[in-house]
Amino acid sequence: MNTAIPAPAPAKSSTLAGNYFVSNYPPFSFWSEEQKVEVEMALNSEPVPGAKLGLYHHIPFCRKRCHFCYFRVYTDKNAKDIQAYLDATITELKSLAARPLIRGRKPHFVYFGGGTPSYLSTKQLTELTDRMKAILPWDAAEEIAFEGEPGTLNAAKLAAIKQVGVTRLSLGVEHFDDHVLEINGRAHRSGEVYTAYERARAEQFSQINIDLIAGMVEETEALWQRNIEETIKLRPDSVTIYQMEVPYNTTIYKEMKAEGKLVAPVADWATKRRWVKEAFAALESAGYTIASGYTAVLDPKRTKFVYRDELWSGADLLGLGVASFSHAAGVHYQNLTEIEAYHAAVAAGELPIKRAFRTTPEERMIREFILQMKLGRVELGYFQEKFGVDIAQRFAAQLGHLAAEGFVTVTPTQVTLSRDGLLCVDTLLHEFFLSQHRTTKIV
Ligand code: SF4
């Protein structure tokens, strides 16, 4: 006889396990191993004249695994392992750079993400970037973006990051309260945030971004308000705020499962949205402008985010390293997600690919539309010119529904999201998917 007491039904706004953030289209669950052959064809094609090229380098190493992390990260690798990994990414880049799609092109933007790119030593970073530049020169790049964990950023490291050409340094602060940082498994503490920020300012990076998460475990009203105040005191060029989600492969989810809980031990969605709304209002009062559903910038004329904007406008992106994502001539693909398998494929001279998806022009149009909706404003002329599509007509039913809810306004030239629409934009985008892609399984 089963005597277990059934878990209470979750309230509508509860944070349940799963991904809510829409980062690409069609959803990853439709990408397949069978379509890997499409990547070869894409890389062997000629580039579309004028198409921008980006380079993404994935560093999958961290000091510690955060409890909310859903990325494939390694916390047990030594300097030799890291060097072997960096060597493999250079082999991968050399092979890609020789393909017709890439040959002769220069990256318009470069992004170092992770994991923790700032986990690399100064020597590793300098050698890696020198080798990358020798293969694909960065002299035409408008932006070199780099993610840093505050506790890894000593003065010499920051000087090296500046020296290799980084223009946008993003600090993974997440929270200013030491207890919240600790309980969520972050490696750094607030003291390291203030020191790293001061040092980064002294290096005069063109742009410093601070990442925050609204609704971490044990977040409170008072702590969140303090988070906003501390952020505004530092006056970074850009502030990015994510609403906490709890994907299945996180430590938090594993604990929920072991305890038979359906609802994650974090604030509900309505509260997280309100916190971001309050943060956006406070940032606006302090002179910031809201630039997307997640970002506020101090000077919108000067502070761009080229990686995001180009990616959301269909640029080619070469992703290097384990689990990285690419987009080549209309084909999405992701690299192998285990470091051993990635090494083996690169050593064998193969493309280290796990899954791929060739998009149709219609899917590319939908992809760009939903991603640009996250900016809070979509220019209809762009879609008419690039895809020959009248968005207002193509999506009349969906836009009519969202307009009735007060989430969007449609004019002859633009779709504009209201603040409430922007704060829940990821939940509005599924309506625009083709029917075969409307699934609850996003990853
Ligand atoms: S620092 Fe980022 S990538 Fe590393 S474990 Fe934490 S959330 Fe994951």
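Distance distribution note for the chain: the fraction of Cα pairs above 32 angstrom is 39%. Between Arg63 and Lys106, the simple spin-label model (points 7 angstrom out along Cα→Cβ) gives 3.7 nm. When both the range 43-122 and the range 179-235 are represented by their alpha-carbon centers, they are found 26 Å apart. Cross-link pairs exceeding 23 Å in C-alpha to C-alpha distance, out of Lys94/Lys374; Lys64/Lys94; Lys77/Lys123; Lys52/Lys304; Lys106/Lys301; Lys94/Lys123, comprise Lys94/Lys374; Lys64/Lys94; Lys106/Lys301. Projecting label points 7 angstrom from Cα along Cα→Cβ for Asn44 and Ala98 puts them 1.5 nm apart. Between rounded, prolate and oblate, where does the range 360-443 land on the alpha carbon gyration tensor, with a ≥ b ≥ c its root eigenvalues, rounded for a/c under 1.5, else prolate if a/b exceeds b/c? Oblate, since a/c reaches 1.5 and b/c is not below a/b.
Net charge dipole, the range 360-443: roughly 160 debye, given to the nearest 20, about the Cα centre with Cβ charges of +1 for Lys and Arg and -1 for Asp and Glu. The loop-placed GluC sites (Glu not before Pro) in the range 216-293, going by DSSP, that have at most 12 neighbouring Cβ atoms within 10 Å of their Cβ come out as Glu259. Helices in the chain, meaning DSSP H runs of at least 4 residues, each add -39500 (n - 2.57). Divided by all residues, the mean residue ellipticity at 222 nm is -11000 deg cm²/dmol. For Gln243, the residues whose modelled amide H falls within less than 5 Å of its own, excluding neighbours fewer than 5 places apart on the same chain, are Ala214. Placing pseudo-labels 7 Å out from each Cα toward the beta carbon at Ala156 and Glu198 gives an inter-label distance of 2.1 nm. Show me the GluC sites (Glu not before Pro) within the range 14-49 that DSSP assigns to loop and that have at most 10 other Cβ atoms within 10 Å of their Cβ. Answer by residue number: Glu33, Glu34. By the beta carbon rule, with partners counted only under 4.7 Å, the chain holds these lone Cys residues: Cys62, Cys424.
In the neighborhood of Glu203, defined by Cβ-to-Cβ distances under 15 Å, what is the net charge if each Lys or Arg adds +1 and each Asp or Glu adds -1?
Net charge around Glu203: +3.
Note on Leu417, Leu298: ascending count of other Cβ atoms within 10 Å places them as Leu298, Leu417, the fewest first. The length gained by stretching the chain between Lys277 and Ala404 to full extension, at 0.36 nm per residue less their Cα-Cα distance, is 43.6 nm.
A straight line joining the Cα centroids of the range 369-418 and the range 270-306 runs 21 Å. Check cross-link reach from Lys354 to the aspartates and glutamates: straight Cα distance under 18 Å, and skip same-chain residues fewer than eight apart. Hits, sequence-local ones excluded: Glu33, Glu34, Glu38, Glu40, Glu92, Glu338, Glu340.
Taken together, the values in this text are just the output of simple stated rules run on the coordinates, not laboratory data. Small disclaimer: the values here were computed from a predicted structure and weren't measured. With ideal geometry, Cβ positions are generated from the backbone for all residues, glycine too; neighbour counts draw on all protein chains shown.
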